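Quick note: the coordinates plus some simple rules give every number you see, no bench work behind them. Computed from a prediction, not measured in an experiment: that's the story for all the values here. All Cβ positions, even for glycine, are placed from backbone atoms using ideal geometry, and neighbour counts span all protein chains on display.
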Amino acid sequence: MPTSFRYLAACALSVLLAVPPARACGDKMLIIGHDLRMQIRSASVISYAPPGSPFSAVAHAQAFRTAAQKTVREVRMIEDEATLRAALRSGKYDVVIADVSEAARITEILQDTPGRTVVLPVVLDGTKVQVQSAEKQYHCVLKAPGKAGNYVDAIEWSMEVKSKRKQWSKNTSRS
């Protein structure tokens with residue numbers, strides 16, 4: 001009997017060691033979102049707020065600055081267009097947050113830059129129609145004033161848009 005018990009124990013142990021560990025329910029979703037979360041945390045953001053622009057007050061508000069700093073690696077405040085152009089030429093920034101009135105001009109500037117920087121327009125006290133129009137054109141919008149969580153969500157969404165553009169670019173270059 002002791003020999004058959006050892007044989008049975010050895011077989012059970014070898015079966016347990018041969019089976020890969022089971023994952024908990026929902027682990028696949030965590031793995032899928034992990035890459036995007038890492039991109040967001042390592043993102044570099046420009047907050048473009050020229051003096052007197054509607055976004056300037058929001059950009060300097062503590063709630064916005066805290067939310068942005070918690071969400072991404074670097075937030076650079078820029079107040080003049082020459083500095084903005086130089087920063088964008090470096091190609092190291094992922095998102096430019098600016099007032100919706102500045103977004104079209106920034107998009108033009110981005111056409112001459114090496115990176116795939118995304119413009120996140122800010123609609124300050126906008127109507128539903130203004131927000132929808134900006135979303136249609138830029139795919140993501142930051143509505144202000146708002147709660148810190150809304151700012152974080154908008155920045156995360158802009159990084160997702162950037163990620164999708166990158167995928168789309170890869171897919172079209174293969175064709």
Task: For Ala57, net neighbour charge (Lys/Arg +1, Asp/Glu -1) across residues whose Cβ lies under 14 Å away - done: -2
Open item on the list: Suppose the chain between Ser133 and Glu160 were pulled fully straight at 0.36 nm per residue; how much longer would it get relative to their current alpha carbon spacing?
Closed with: 7.8 nm
- [ ] On each of the three principal axes of the Cα atoms of the range 26-167, give max minus min coordinate, whole Å, ordered largest first.
- [x] 47, 33, 28
Task: Protection proxy ranking, peptides 82-89, 134-141, average beta carbon neighbours within 10 Å, highest first - done: 134-141, 82-89
- [ ] Using only the Cα atoms of the range 36-114, build the gyration tensor, take square roots of its eigenvalues as a ≥ b ≥ c, and label the shape rounded, prolate or oblate: rounded if a/c is under 1.5, else prolate if a/b is larger than b/c, else oblate.
- [x] oblate
